[in-house]
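Structure, as structure tokens:
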Amino acid sequence: MTACFRRPGWGLAWLVITLAPAAVSAAAGAPAGASLAARVQGALGGEVQVAALPGLGLRWHLDAGAAGPGLGLRAEAAGVRLRVEAEPAPAGEWRWRIAEGAVDLPAFWPVLKAKLGPPAGDWLVGGQLVLSGSGVWSPTGGPGGSVQLAWREGWARSAELGVELSGIEAALASDALATGVLPPGQSLRVARLTAGAVTAERLEFRFGLTAARVLELAWAELDVLGGKARLKPLALPLNATQVKAGVEIEGLALSELAGLMPTAVSAARGKLNGRVQLLWDGAAGLRINEGSLAIVRSDEAVLSLAPTPGFLTGNLPARFFWLPSWLGPLARWTAPENPAYAPLQEIELGRTGLRIETLVVNFYPETAEGERTATLRLLARPVGVDLIEQVSIEVNLAGALARVLELGLDERVKLRFRPE
């Protein structure tokens, strides 16, 4: 028998039904599930168009009594393979298990991406999802048991955003099938994350999901720029349009930061610790909202400026003129050299390093005009120079965080220097 029908939420489906006459009769006193399995033998199959994923085209096949008193369900679609087996148990229950469950993401992603629409952007996703689990179905309580989902050899990338993730591994498990609750202890790991010029490694999350669709992040850590960043625990509603997260920074390497600021620093050594607050929203993406970073005092904390003629000597005379300029050569011959000029010139050209005593970067929330602001204060002693006891550099920055890292390429950046 072949039939076509429409059903709300499922679309057009076709069914091929082949039912064989019962081979045996139910024994007196047998469990209801066993009685049903004994009376029905045959196969039922078809295709279902799922409204939530219109491009899926799920093909399914149900066998009854083919291998004893049990049921076997197979389902296939683009990149999807599922096989579930069930056998009767006392009191009309059925014991079920997922014998095979796999989703090949490169094949399935186009279907999911079409459903997600513009938010999916140009993202590509790969790897394999593996589904397993077992439990009991009862006439009164419905399905019960546990299901596990693992993401193996995963990767994701967006050329538009310049972001790439590789080595993704996830382990999710739930025993609340009807509610979708994920108890604490779920894990997600990313071996390597690249965003623009920044690379992070060993990104790891521990989290859970409540019945109210709130993601509870218990712990997150990653290695970035030679140090570690740890997110503080937070509760995140899945429908949130803006998220703030506190982050503790430990051992951020100045040498790594120097590579991001080639117009400001040519070389650096040392470590930074601190706390910052990250802000994410759908329009502006991820950025630092507020917080501070400070140098860890050490003899190894040294930096050299990128060659910038006039950065320190621009408002400093090379000679002290005592006589009026109209005296010409006489005025020049009698003008002594400024002893600080040459050492400061060596510093601004990157030839003399600065041993850092204090380095503090403060980030401030966005201004009313939508600008990002930050300040940098550096106190340092020139290496191998006795004439200049200390150099103090203060930088006030306004603009996008990318400009803040460039320390001087934005016309809104204001610099103020004073030698001490």
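The values are calculated or read from the model by the stated rules, or taken from the named source; none is laboratory data. Just so you know, these numbers come straight off a predicted model, no measurement behind them. Quick reminder, even Gly has a Cβ in these numbers, built from the backbone with ideal geometry, and neighbours come from all protein chains shown.
Filter segment 240-291 for residues that are of a type in the set (Lys, Arg) and over 25 Å from Leu312 (Cβ atoms); which is farthest from the chain's Cα centre (by Cα)? Show your work before the answer.
Restricting attention to segment 240-291, the residues satisfying the condition of being of a type in the set (Lys, Arg) are 244, 269, 271, 275, 287.
Checking the rest, the ones that are also over 25 Å from Leu312 (Cβ atoms) come to 244, 271, 275, 287.
On the way: Lys244: 14, Lys271: 24, Arg275: 19, Arg287: 13 Å.
Filtering first and then ranking leaves Lys271.
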*Of all residues in segment 198-230, count the ones that are of a type in the set (Lys, Arg) and at pLDDT below 95.*
1
*Mind counting the residues in segment 196-212 that are surrounded by fewer than 16 Cβ atoms within 10 Å (Cβ to Cβ) and touching a Gly at 6+ places or on another chain (Cβ under 8 Å)?*
3
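Working only within segment 192-202, note down all residues that are at negative phi and touching a residue at least 24 places away in the same chain (Cβ under 8 Å). I'd like the intermediate steps shown before the answer.
So in segment 192-202, the residues at negative phi come out as 192-195, 197-201.
Residues satisfying the conditions are Arg192, Leu193, Thr194, Ala195, Ala197, Val198, Thr199, Ala200.
Scan Gly144, Gly154 and give me the residue that is in contact with a Gly (Cβ under 8 Å, 6 or more places away or on another chain), surrounded by fewer than 17 Cβ atoms within 10 Å (Cβ to Cβ) and not charged (D, E, K, R).
On the way: Gly154 fails: surrounded by fewer than 17 Cβ atoms within 10 Å (Cβ to Cβ).
One residue alone meets the criteria, Gly144.
Which residue is nearest to Arg157 (Cα to Cα), if the candidates are limited to segment 174-224 and must be not aliphatic (A, V, I, L, M) and not in a strand (DSSP E or B)? First the steps, then the outcome.
The first filter runs over segment 174-224 and keeps only residues not aliphatic (A, V, I, L, M), leaving 174-175, 179-180, 183-187, 189, 192, 194, 196, 199, 201-202, 204-208, 210, 213, 216, 219, 221, 223.
With not in a strand (DSSP E or B) added as a condition, the list becomes 175, 179-180, 196, 210, 213.
On the way: Asp175: 32, Thr179: 31, Gly180: 28, Gly196: 12, Thr210: 29, Arg213: 26 Å.
By that ranking, first place goes to Gly196.
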*Tell me, yes or no, whether segment 242-257 has at least one residue that is in contact with a Pro (Cβ under 7 Å, 6 or more places away or on another chain), touching a residue at least 40 places away in the same chain (Cβ under 8 Å) and not aromatic (Phe, Trp, Tyr).*
no
*Would you say Thr334 is at pLDDT 90 or above, surrounded by fewer than 16 Cβ atoms within 10 Å (Cβ to Cβ) and among the polar types (S, T, N, Q)?*
no
_segment 210-226 residues that are free of Cβ contacts under 8 Å to residues at least 40 places away in the same chain and at positive phi, paired with ones that are assigned to a loop (DSSP other than H, G, I, E, B) and of a type in the set (S, T, N, Q) (beta carbon under 9 Å, 6 or more apart)_ = Arg213/Asn239
*Somewhere in segment 72-92, is a residue assigned to a loop (DSSP other than H, G, I, E, B), over 31 Å from the mean Cα position of the chain (by Cα) and surrounded by 18 or more Cβ atoms within 10 Å (Cβ to Cβ)?*
no
*Is there a residue being surrounded by 15 or more Cβ atoms within 10 Å (Cβ to Cβ), of a type in the set (Val, Ile, Thr) and in contact with a Lys or Arg (Cβ under 9 Å, 6 or more places away or on another chain) anywhere in segment 223-230?*
no
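I want to confirm something. Restricting to segment 126-173 and keeping residues that are part of a strand (DSSP E or B) and without any contact (Cβ under 8 Å) to a residue 24 or more places away in the chain, which single residue is farthest from Asp223 (Cα to Cα)? Break it down stepwise before answering.
Residues of segment 126-173 part of a strand (DSSP E or B): 126-138, 142-158, 163-173.
Retained after the next criterion (residues that are without any contact (Cβ under 8 Å) to a residue 24 or more places away in the chain): 150, 169-171.
On the way: Ala150: 23, Glu169: 17, Ala170: 18, Ala171: 21 Å.
Only one residue fits best here, namely Ala150.
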